[in-house]
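Visitor: Okay, handing you the structure first.
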């Protein structure tokens, strides 16, 4: 069994990746910028008004394998509080501190382009590199975004800020140095094909939030959901062109006067994106909510009938899994389809096809029995995508590494 070190400056889904590696070997460590260790810094933060900054940074199943540093944890908190001043310093500090763990291990596991220096050092030391590419390749995203910028008269700089050349260069370097590249969606997989040998790629969908403890409760909610009121449509996500919010707004405009209501939840990404928020506020059949605590989101899912997601490209689209968990059929653009099965638990249509979106909404508004059956199927299908399944697939990849 090879010795493995997983590196991550934040956490995202990497705790599940670490659990999957731990199924393969007990010779694994997780190197994190922040992790709750009940040390003096953790105790100080918990007593302060900033305690929410560290919520969720612990999983007792992996705690014994986690490496942290008080100095790096301090830099992490400064980065959280004032990212404009401390982000660069935090990443430099994290990578320099964590460098020592590269030498001690045979396999280095990293996520996306956060840690370009770490990947480079591992490559120079001839380590095996497992690289999780979370989002579609940056140059592909930028190309698609430029099409929207022209169409909706946004400034060209919008794309340069979101996808700077430095990001693209780092991603190219990282995928070339990696031995195995893990992606969560077909969109990300396809975006990497022009740049990497397909033999390196492994597709593993993420897991849903569903658990055995709440399956019966959710089933009961779905069974007794009313389907005779106004059709309630939900969007949750960032407000920007890449998420396709502009197309949902256009669909809502075309459906004014119908027995259909829209709810938009999310914050604008950049200053230019506030125009999208204003457009929603001007709709008579829609309401805008800037944010909802994640622990309260289930109430929104339960209060709606359909989830719409018009992203032009998406690393996976966790929100669609969450919506399916609460029995919502999903109408999605091809770029953000995730695991939606067309005609079974939702509908998939070409990017930017507002007519298709409107027609699917109208159809489900009219055919409420179809809507109900699709919701039940969404709940059934989402149970195939668990984090345990994800962990098992990670383990399989590491068993492959024994041949390298």
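Visitor: Could you go through segment 192-199 and let me know if any residue there is buried (at least 20 other Cβ atoms within 10 Å of the Cβ), over 19 Å from the mean Cα position of the chain (by Cα) and either outside the structural domain of residue 247 (by TED's automatic domain parsing) or not in a helix (DSSP H, G or I) (or both).
Guide: No, there is no match, as no residue in segment 192-199 is buried (at least 20 other Cβ atoms within 10 Å of the Cβ), over 19 Å from the mean Cα position of the chain (by Cα) and either outside the structural domain of residue 247 (by TED's automatic domain parsing) or not in a helix (DSSP H, G or I) (or both).
Visitor: Also, quick follow-up: Pull up segment 25-43, narrow it to residues that are at pLDDT below 95 and not in a loop (DSSP other than H, G, I, E, B), then point me to the one that is farthest from the chain's Cα centre (by Cα).
Guide: Here the answer is 40.
Visitor: Sticking with this one: Of these, 404, 328, which one is part of a loop (DSSP other than H, G, I, E, B), in contact with a strand residue (DSSP E or B) (Cβ under 8 Å, 6 or more places away or on another chain) and within 15 Å of residue 237 (Cβ to Cβ)?
Guide: Working: 404 fails: within 15 Å of residue 237 (Cβ to Cβ).
When all the criteria are applied, what remains is 328.
Visitor: For residue 116, are the conditions met, namely being assigned by TED's automatic domain parsing to the domain that holds residue 176, within 23 Å of residue 394 (Cβ to Cβ) and over 26 Å from the mean Cα position of the chain (by Cα)? Break it down stepwise before answering.
Guide: Details: assigned by TED's automatic domain parsing to the domain that holds residue 176: yes; within 23 Å of residue 394 (Cβ to Cβ): yes; over 26 Å from the mean Cα position of the chain (by Cα): no.
For residue 116, the condition - assigned by TED's automatic domain parsing to the domain that holds residue 176, within 23 Å of residue 394 (Cβ to Cβ) and over 26 Å from the mean Cα position of the chain (by Cα) - is not met.
Visitor: Go through segment 121-144 and count every residue that is at pLDDT 95 or above and within 13 Å of residue 169 (Cα to Cα).
Guide: Within segment 121-144, residues that are at pLDDT 95 or above and within 13 Å of residue 169 (Cα to Cα) number 0.
Visitor: How many residues does segment 282-325 hold that are in contact (Cβ under 8 Å) with a residue 40 or more places away in the chain and closer than 25 Å to residue 351 by Cα?
Guide: Number satisfying all stated conditions: 22.
Visitor: Could you please give the count of residues in segment 158-183 that are over 21 Å from residue 126 (Cβ atoms) and at pLDDT below 95?
Guide: Number of matching residues: 13.
Visitor: What number of residues within segment 44-59 satisfy the criterion of being in a loop (DSSP other than H, G, I, E, B) and more than 20 Å from the chain's Cα centre (by Cα)?
Guide: Residues meeting the conditions: 4.
Visitor: Of the residues that sit in segment 37-64 and are under 17 Å from residue 13 (Cα atoms) and out of contact with any helix residue (DSSP H, G or I) (no Cβ under 7 Å at 6 or more places or on another chain), which one is surrounded by the fewest Cβ atoms within 10 Å (Cβ to Cβ)?
Guide: 60
Visitor: Another question, then. Could you look through segment 334-367, keep only residues that are within 23 Å of residue 112 (Cβ to Cβ) and not in a loop (DSSP other than H, G, I, E, B), and pick out the one that is nearest to the chain's Cα centre (by Cα)?
Guide: 336
Visitor: Being modelled with pLDDT under 95, in contact with a helix residue (DSSP H, G or I) (Cβ under 8 Å, 6 or more places away or on another chain), more than 17 Å from residue 182 (Cβ to Cβ) and in the same structural domain as residue 253 (by TED's automatic domain parsing) narrows it down to one residue among 369, 376, 344; which is it?
Guide: 376
Visitor: If you check residue 279 against the conditions, is it more than 24 Å from residue 348 (Cβ to Cβ), assigned by TED's automatic domain parsing to the domain that holds residue 339, crowded, with 18+ Cβ neighbours inside 10 Å and at pLDDT 95 or above?
Guide: On the way: more than 24 Å from residue 348 (Cβ to Cβ): yes; assigned by TED's automatic domain parsing to the domain that holds residue 339: yes; crowded, with 18+ Cβ neighbours inside 10 Å: yes; at pLDDT 95 or above: yes.
Judged against the criteria, residue 279 is a match.
Visitor: Something else now. Take the residues of segment 22-36 that are within 18 Å of residue 392 (Cα to Cα) and out of contact with any helix residue (DSSP H, G or I) (no Cβ under 6 Å at 6 or more places or on another chain): which is surrounded by the most Cβ atoms within 10 Å (Cβ to Cβ)?
Guide: Within segment 22-36, the match that is surrounded by the most Cβ atoms within 10 Å (Cβ to Cβ) is 22.
Visitor: Next question, about the same structure. So if I check each of 176, 126, 144, which one is surrounded by 17 or more Cβ atoms within 10 Å (Cβ to Cβ) and either out of contact with any strand residue (DSSP E or B) (no Cβ under 6 Å at 6 or more places or on another chain) or part of a helix (DSSP H, G or I) (or both)?
Guide: Values: 176 fails: surrounded by 17 or more Cβ atoms within 10 Å (Cβ to Cβ); 126 fails: surrounded by 17 or more Cβ atoms within 10 Å (Cβ to Cβ).
Exactly one of 176, 126, 144 is surrounded by 17 or more Cβ atoms within 10 Å (Cβ to Cβ) and either out of contact with any strand residue (DSSP E or B) (no Cβ under 6 Å at 6 or more places or on another chain) or part of a helix (DSSP H, G or I) (or both), namely 144.
Visitor: Something else about it: Identify, by number, the condition in (1) at pLDDT 95 or above; (2) touching a strand residue (DSSP E or B) at 6+ places or on another chain (Cβ under 9 Å); (3) under 26 Å from residue 126 (Cβ atoms) that residue 20 doesn't meet.
Guide: Status for residue 20: all satisfied but (2).
Visitor: Which of the numbered conditions does residue 12 fail, given that it passes all the others? Conditions: (1) buried (at least 21 other Cβ atoms within 10 Å of the Cβ); (2) out of contact with any helix residue (DSSP H, G or I) (no Cβ under 8 Å at 6 or more places or on another chain); (3) under 17 Å from residue 112 (Cβ atoms).
Guide: Result: residue 12 fails condition (1) only.
The values are calculated or read from the model by the stated rules, or taken from the named source; none is laboratory data. What you see is a predicted model; the values in this text were computed from it and never measured. For neighbour counting, all protein chains shown are included, and Cβ atoms are generated from backbone atoms with ideal geometry for every residue, glycine included.
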